[in-house]
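*Asks:* Provided herewith is a single structure, encoded as structure tokens, for subsequent inquiry.
The values are calculated or read from the model by the stated rules, or taken from the named source; none is laboratory data. Since this is a predicted model, take the numbers as computed values, not measurements. Every residue, glycine as well, gets a Cβ built from its backbone with ideal geometry; the counts of neighbours run over all protein chains shown. Ligands, DNA and RNA are stripped out before the accessible areas are found, and what is left, the full protein with its side chains, is counted by its heavy atoms. Shrake-Rupley method; radii C 1.70, N 1.55, O 1.52, S 1.80 Å.
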Amino acid sequence: MSETTPEAEPRKLAEEARDRVRFEEEALALADQVYRVARRLVSTREEAEDLMQETYARAFRSWRSYQPGTNLRAWLLRILTNLNIDRGRRVQRSPDMQPLEEGDYFLYNKLEEAGETDEERVDRRLSQDDAVAALSEVPHDFRDVLVLVDIGDFSYADAAQILDIPIGTVMSRLHRGRRILKRELADRTVGSNV
Amino acid sequence: MALSFEADPCAKCEEVLQPYLDRELSDAERAEAEKHLDECSYCRKRYRFEAELRRFVRRRP
């Protein structure tokens, strides 16, 4: 025999509507932070805005699968990074095949050779366009990790969870991604004249 | 072979600098790195540059 009273169903619907509104408010409050990551994952503002729109559309559709009390920002960014992968933005070349001789201090050394030794004046030689262009040259596997940790300020463990990869892979991709980024920044700022 | 602050402090510092900036070192490792950064101007200059570069890349375009 059913235990459901005539009042139970409307009450359940009202609770669900309240939960949904709360979820949407919390998700929208994170939009700035999510956009910051999106903007660094893709090359143009338009692509970032599209990616945001798709992310929030999917999040609002799947809101029931979010577990209240867990990390909502990580949940949203997992959707974002998966959508970015689905959208076929992966570059064709195989990044692991490229030899990479440069060390961690590669960019510092290049700027020093060029006579720019003031370590607190990075932006004297680098523009934000340089940063966006250099990041867009970092292969996606590496860029996804780099953006989550360096820009999203996620821990290695959170990035591993969001991207569904082992933490060791996060660390190795981060290591390599940063070196590629520095090489690209060096190409844009110092060029081949040093 | 793993580097150590005793055997080759500047090479070890280079190895841990990024995880240090990521706040992923243990308390003991962080203390060792900070001690070396206090003492070594070569590594300190590079640390400041790397920290500034991180802030620069983070800035919203």
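*Asks:* Scan the stretch B:12-35 for residues that are within 24 Å of A:LEU111 (Cα to Cα), open to solvent by less than 30 Å² (accessible area, probe 1.4 Å) and part of a helix (DSSP H, G or I) and jot them down.
*Replies:* Within the stretch B:12-35, the first condition is being within 24 Å of A:LEU111 (Cα to Cα), and the residues that meet it are B:12-22.
Remaining after also requiring open to solvent by less than 30 Å² (accessible area, probe 1.4 Å): B:13, B:16-18, B:22.
If the condition is that a residue be within 24 Å of A:LEU111 (Cα to Cα), open to solvent by less than 30 Å² (accessible area, probe 1.4 Å) and part of a helix (DSSP H, G or I), then B:CYS13, B:VAL16, B:LEU17, B:GLN18 are the ones that fit.
*Asks:* Need pairs with beta-carbon distance below 6 Å; first residue assigned by TED's automatic domain parsing to the domain that holds A:THR81 and within the stretch A:56-67, second open to solvent by less than 40 Å² (accessible area, probe 1.4 Å); sequence gap 6+ or separate chains.
*Replies:* Close Cβ pairs (under 6 Å, with a partner that is open to solvent by less than 40 Å² (accessible area, probe 1.4 Å)) amount to A:ARG58/A:ILE79; A:ALA59/A:ALA27; A:ALA59/A:LEU76; A:ALA59/A:ILE79; A:TRP63/A:PHE23.
*Asks:* Name the single residue, out of those in the stretch A:133-146 being within 9 Å of chain B (Cβ to nearest Cβ) and either under 13 Å from the mean Cα position of the chain (by Cα) or under 20 Å from A:LEU83 (Cα atoms) (or both), that is modelled with the highest pLDDT.
*Replies:* Looking only at the stretch A:133-146, we keep the residues that are within 9 Å of chain B (Cβ to nearest Cβ), and these are A:134-135, A:146.
Checking which are either under 13 Å from the mean Cα position of the chain (by Cα) or under 20 Å from A:LEU83 (Cα atoms) (or both) leaves us with A:135, A:146.
Values: A:LEU135: 87, A:LEU146: 93.
Among them, the one singled out is A:LEU146.
*Asks:* I would also like to ask the following. Going through the stretch A:36-57 one residue at a time, which ones are within 14 Å of chain B (Cβ to nearest Cβ) and open to solvent by 30 Å² or more (accessible area, probe 1.4 Å)?
*Replies:* A:ARG36, A:SER43, A:THR44, A:ARG45, A:GLU46, A:GLU47, A:GLU49
*Asks:* Still on this structure, please answer the following. Please determine whether any residue of the stretch A:91-100 is away from chain B (no Cβ under 14 Å), modelled with pLDDT of 60 or more and open to solvent by 60 Å² or more (accessible area, probe 1.4 Å). Let's see the steps before the verdict.
*Replies:* To start, the set of residues in the stretch A:91-100 that are away from chain B (no Cβ under 14 Å) comprises A:91-100.
Next cut, modelled with pLDDT of 60 or more only: none.
No: zero hits.
*Asks:* Taking the stretch A:179-194 on its own, how many of its residues are surrounded by fewer than 19 Cβ atoms within 10 Å (Cβ to Cβ) and within 11 Å of chain B (Cβ to nearest Cβ)?
*Replies:* Summing the residues that are surrounded by fewer than 19 Cβ atoms within 10 Å (Cβ to Cβ) and within 11 Å of chain B (Cβ to nearest Cβ) in the stretch A:179-194 gives 0.
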